[in-house]
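Participant: First, the structure itself, so that you have it in front of you.
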Amino acid sequence: MSQQTPLEIALAHSMTHEEYDNTVKILGREPNYTEIGIISAMWSEHCSYKSSTKYLKGFPTKAPWVIQGPGENAGVIDIGDGYAAVFKMESHNHPSFIEPYQGAATGVGGIMRDVFTMGARPIASMNLIQFANIDGDSQTAKKHRHLLRGVVAGIGGYGNCMGVPTIGGQTNFEECYAGNNLVNAFNLGLAKSDEIFLGVAEGIGNPVMYVGSKTGRDGLGGAVMSSAAFTEDNESKRPTVQVGDPFTEKLLLEACLELFKEDLIIGIQDMGAAGLTSSSFEMAGRSGSGMKMDLDKVPAREEGMTPYDFMLSESQERMLICAKKGCEQAVIDIFEKWELSVAVIGEVTDTGNMELFWHGEKCADIPIQPLSEEAPVLDRPVAKPAYLETIEDITLDKQFADQTIFDKMWSSIEIVDKSWIYDQYDSMVQTNTIKGPGKLDGSVIRIKENGKALAMSADCNTRLCYINPELGAAAAVMEAGRNVAMTGARPLAATDCLNFGNPEDPEVMWQFMKACDGIKAACKELNTPIIGGNVSLYNETNGVGVFPTPAMATVGVNDDMNNVLPSHFQAEGNYICILGDTYSEFGGSLLMKELYGKVAGTHPEVDFDKELKLWDTVIDANKANLLESAKDVNVGGIAIAAAKMSVIGNIGCDIRIALEDDQDIFSESLSRAIVEIKPENIEAFDKLASSMGITYVSAGKTGGDILSVNNLYKKLNGISDIYFNKFQEVIEQDL
């Protein structure tokens, strides 16, 4: 290293010539090795959002119920009676492709720390995971069966040890994920609304304290690794994946929650991407303070570690605390009681600089605000993707009978039950789960403290985003909110996880730009502000990027935890009503994918007014106790939605609905739902629906052991066997 110039070292850290020149300008001199490591991490795509910042501006972030919006570890909403829900979703895509178990596990651990750092106890987790097709003997299928098994084991292993239920999520399969699977982790916690803690360091002379696991060299370069595309050989990147220890995190959680009960600290920050670097700079930067740290005082678990190692390690289960002066021993006592490392490693200063010392000698001195203010904000070129010119007008062949279409779609691994996955997650720990995985649409937990329920859903139809990124992203917002509404809860706010390909490709940046426009419009019109989120770029291998995947997680409140709507048929002899309008809309549909092997066509109509009417109708009808069940109509249309409601409820149905074409029972028009109503409530429901101005038809009744939808007839026992057993057969075929 001594033979390299500072510029050569910077370029090896993925800095550009321009960024290096700016570094020299900020420092007034050439940077040393440690400073280059710090600045390259802070200015990496993963930490600085330099490609995406331009488009994130303008997201709706405020509402009367929003306590904390973007910019902190997690967002916070008021759920009434002095309580708040704290939640966020983040990606751990690159690490999960390199090392699926630890990549997924540390993703779960990281998002939990983001939540409990705010002062909340984690009470529910979800995930959205995407892979290539896992069915078959191809090398890709074998690879992704391995990845999926590892990711699921990692999610379950960490979440189960933490005692936090995993209550829902989404798993999809598209060939675009062959070189880069996606793992998006969501967590929600509960806190007192007036006891929220922020990641700030202020008050000259207040001590800066390190708590949690000791620091090792694991995860070095992780932030930079996540800011570049993959090539065929990723084995060398395994050292950049952190190793998690959920048992230590459980101790850290309990210690932090005990700490929060005392008046001992100013602020607290999780050591996430870029470790001690990002946490210290963010805490000082939010208050305009300076900070000095003695890195030789940081608890270490390896010999011979350097200042560079300490600042850039991404070892897990660690926090940085700004304590109140004079409270050091009280903080130490709490963490030593929980058998965790704890040390005073520095203090808040008024210099505005980050001053780092190593055995008394200064080893780095970086102005904090300029590092943030001068962080690159790129205006990358954008260009409409050429493929969009060739996919818009594809006419479906009418050669396939409804029975054939249904059989093909019903056996798709996208549709069948994923119990092989969610049975590995503890969904009932903490005993608050009302509606867990496998029960369709939104997941629900009770809040015993105020008698309410929280509903949540994580969703993204990547095929819709591929054929129209703007409308597809809007549809993801709509879908996540709709699933929440189907439980009877009012959607209140969302967090996003924006997964895209290489931002250096103008077509990818166009996709990102349009997706942000779609999210902004949908969240504004549906009144579900974005209160936090994550951007994951460079999801690409050997030049092949993933479909635009702007995952959305929406949270809503039901005022009565005893009045949560199920999403499958409840009893025989009830009326079935279909809410919303059905058109011949098959763009990006499962039918087109399964029968024609294409992702193409025109995006279904997006109408926010219709979507809101649907939400309002179901929510108000549930409050009036008029509904027995409700499920949204999405992938696979009315036929697939009704079939799921039947097999899970083990009750058949007979549906007759006038449509323009027979195949329209598989149409994927948006803003629709199937609801189940007792005969004695149908008149009252009709009055309510009429007052809402929503289109609906009474289409049939529940009962028997046959699924009948227009010309489609299927015996329940046959389709139930496929639904509940197919996935396990696929995932275990090479074990």
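The values are calculated or read from the model by the stated rules, or taken from the named source; none is laboratory data. Remember, predicted model here, so these are calculated numbers, not experimental data. As a convention, Cβ positions derive from the backbone with ideal geometry for all residues, glycine included, and neighbour counts pool all protein chains shown. These area figures cover heavy atoms from the full protein model, side chains too; ligands, DNA and RNA do not enter into them. Shrake-Rupley method; radii C 1.70, N 1.55, O 1.52, S 1.80 Å.
Participant: Quick one: net charge around GLU262, please, counting Lys, Arg +1 and Asp, Glu -1 for every other residue with C-beta under 12 Å from its C-beta.
Facilitator: Charge balance near GLU262 sits at -2.
Participant: Set the bar at 24 Å for Cα to Cα. Now go through LYS62/LYS324; LYS292/LYS324; LYS398/LYS714; LYS142/LYS714 and name every pair that lies beyond it.
Facilitator: LYS62/LYS324; LYS142/LYS714
Participant: Let me ask you something else. From the Cα gyration tensor of segment 420-476, with a ≥ b ≥ c the square roots of its eigenvalues, which class applies: rounded if a/c is under 1.5, or else prolate if a/b is larger than b/c, or else oblate?
Facilitator: oblate
Participant: Rounded, prolate or oblate, given the Cα gyration tensor of segment 4-97, with a/c below 1.5 counting as rounded?
Facilitator: Prolate shape, in that a/c is at least 1.5 and a/b is the bigger ratio.
Participant: If you add up the charges near ALA330, with Lys and Arg at +1 and Asp and Glu at -1, over every other residue whose beta carbon is less than 10 angstrom from its beta carbon, what do you get?
Facilitator: Its environment carries a net charge of -3.
Participant: Using only Cα atoms, tell me the angle between helix 608-623 and the longest principal axis of the chain; keep it within 0 to 90° and round to the nearest 10.
Facilitator: For helix 608-623, the angle is close to 80 degrees.
Participant: Where does the Debye-calculated log10 I(q)/I(0) of segment 43-175 sit at q = 0.09, 0.18 Å⁻¹, using only Cα point scatterers of equal weight, no solvent?
Facilitator: Log10 I(q)/I(0), no solvent term: -0.34, -1.11.
Participant: Determine ³J(HN,Hα), in whole Hz, for all residues of segment 170-187 in sequence, where each value follows from phi through the Karplus function 6.51 cos²θ - 1.76 cosθ + 1.60 and θ = phi - 60°; x replaces Gly and Pro.
Facilitator: After applying 6.51 cos²θ - 1.76 cosθ + 1.60, I find 8, 10, 10, 9, 9, 5, 5, 8, 4, x, 6, 6, 10, 10, 10, 10, 10, 9 Hz.
Participant: Distance in nm between label sites at GLN570 and ASP397, each 7 Å beyond Cα in the beta-carbon direction?
Facilitator: Label-label distance for GLN570 and ASP397, simple model: 4.5 nm.
Participant: Moving to a separate point now. Rounded to the nearest whole Å³, what is the per residue volume of the convex hull around the Cα atoms of the chain?
Facilitator: Dividing the Cα hull volume of the chain by its residues yields 143 Å³.
Participant: Specify the inter-centroid distance of segment 117-143 and segment 62-93, based on alpha-carbon positions, in whole Å.
Facilitator: What the calculation gives is 23 Å, centre to centre.
Participant: Classify segment 165-216 from the C-alpha gyration tensor, please: rounded if a/c falls under 1.5, else prolate or oblate depending on whether a/b exceeds b/c.
Facilitator: It comes out prolate by the Cα gyration axes.
Participant: Moving on. Helix 328-337: angle to the longest alpha-carbon principal axis of the chain, degrees 0 to 90, nearest 10?
Facilitator: Helix 328-337 sits roughly 50 degrees off the main axis of the chain.
Participant: Apply the Karplus curve 6.51 cos²θ - 1.76 cosθ + 1.60, θ = phi - 60°, to the phi angles in segment 703-720 and return the couplings in whole Hz, x for Gly and Pro.
Facilitator: After applying 6.51 cos²θ - 1.76 cosθ + 1.60, I find x, x, 10, 10, 8, 10, 10, 6, 8, 9, 10, 9, 6, 4, 4, x, 6, 5 Hz.
Participant: Which values of log₁₀ I(q)/I(0), to two decimal places, follow from the Debye formula for segment 308-401 at q = 0.21 Å⁻¹ with a uniform point scatterer at every Cα?
Facilitator: Calculated log10 I(q)/I(0) at the listed q: -1.27.
Participant: If you don't mind, another one. For segment 655-715, place one equal point scatterer on every Cα, skip the solvent, and apply the Debye formula. What is log10 of I(q)/I(0) at q = 0.14, 0.20, 0.23, 0.29 Å⁻¹?
Facilitator: -0.51, -0.96, -1.15, -1.33
Participant: To continue, here is another question. Taking a 1.4 Å probe, which of THR34, THR404, THR395 shows the most accessible area, and what order do the others take after it?
Facilitator: Largest to smallest exposure gives the sequence THR395, THR404, THR34.
Participant: To the nearest 0.05, how large is the calculated FRET efficiency for GLU504 and ASN711 if R₀ is 35 Å and r is the Cβ-Cβ distance?
Facilitator: Result of the calculation: an efficiency of 0.10.
Participant: Could I ask something else about it? With the Cα gyration tensor of segment 583-711 in hand, give its eigenvalues times 5 under a square root as the equivalent ellipsoid semi-axes, listed largest first in whole angstrom.
Facilitator: 25, 19, 12
Participant: On C-alpha positions alone, give me the angle between the axis of helix 506-526 and the longest principal axis of the chain, in degrees, nearest 10.
Facilitator: Once rounded, one gets 70 degrees.
Participant: LYS143: which lysines have alpha carbons under 20 Å from its alpha carbon, excluding same-chain residues fewer than 8 sequence positions away?
Facilitator: LYS237, LYS418, LYS726
Participant: So what is the 222 nm mean residue ellipticity for the chain from helices alone, if each DSSP H run of at least 4 adds -39500 (n - 2.57) and you divide by all residues, rounding to the nearest 500 deg cm²/dmol?
Facilitator: Helix-only estimate at 222 nm: -10500 deg cm²/dmol.
Participant: Okay, next question. Please state, to two decimals, what the Cα-based radius of gyration of segment 109-158 comes to when divided by 2.2 N^0.38 Å (N = residues).
Facilitator: Against the empirical 2.2 N^0.38 Å value, I get 1.55 for segment 109-158.
Participant: While we're here: Check SER536: other-chain or 5+ apart residues with amide H under 5 Å from its amide H, H built from backbone geometry?
Facilitator: Counting only residues 5 or more places away or on other chains, the set is LEU498, ASN499, PHE500.
Participant: Might you tell me the accessible area per residue for the chain, computed with a 1.4 Å probe and given in Å²?
Facilitator: With the other protein chains kept in place, the chain gives 35 Å² per residue.
Participant: State the number of lysine pairs found in segment 629-709 whose Cα atoms come within less than 17 Å, restricting to pairs 8 or more positions apart or on distinct chains.
Facilitator: The result is 6.
Participant: On to the next question. Assign unit charges at the C-beta atoms only (+1 for Lys and Arg, -1 for Asp and Glu), then state the dipole size of segment 82-166 relative to its Cα centre in Debye, rounded to the nearest 20.
Facilitator: For segment 82-166, the charge dipole is close to 100 debye.
Participant: Whole Å is fine, so just give me how far the alpha carbon centre of segment 170-210 lies from that of segment 415-478.
Facilitator: Between the Cα centre of segment 170-210 and that of segment 415-478, the gap is 18 Å.
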